[in-house]
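Structure first, commentary second.
The numbers here are math on the coordinates, done by the rules we state, and not lab data. These numbers come from a predicted model, not from an experiment.
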């Protein structure tokens, strides 16, 4: 729709004309000249705000990436701990099953040979 480069070139050219007029003789500035200078000041201000905003966004992204990395490390550590707990519970379960089987076998042996 609107090419910023064309606008910036035109505004630079017009602002330079106004500045030459201002620095030259003591000719009064017209309303149009004042509007051009105001517009140039605003575009410069927007340019600097844009740079600051981009820097703030980049800083925010870096901080969020760091937080995600820390969260991932904590999650990985928690997952390792849960796996250890699962293995311990699994080992205990098999020991209990083996003990119950041994008790049943021992009961059968006593029942069979105890008579």
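For a test of the definition: using alpha carbon positions, the gyration tensor, and the 1.5 limit on a/c, classify the chain as rounded, prolate or oblate. Because a/c hits 1.5 or more and a/b exceeds b/c, the chain counts as prolate. Output the 0 to 90 degree angle, nearest 10, between the alpha-carbon long axis of helix 31-113 and the longest principal axis computed from the alpha carbons of the chain. On a 0 to 90 degree scale, this one is about 0. Give the separation of the Cα centroids, segment 6-74 to segment 91-115, in Å. Here the two parts' Cα centres lie 84 Å apart. Pairing the Cα long axis of helix 4-23 with the longest principal axis of the chain, what angle in degrees results, from 0 to 90 and rounded to the nearest 10? Tilt of helix 4-23: around 40 degrees.
Taking the helices alone, the chain has a mean residue ellipticity at 222 nm of -33500 deg cm²/dmol, built from -39,500 (n - 2.57) per DSSP H run of at least 4 residues and averaged over all its residues.
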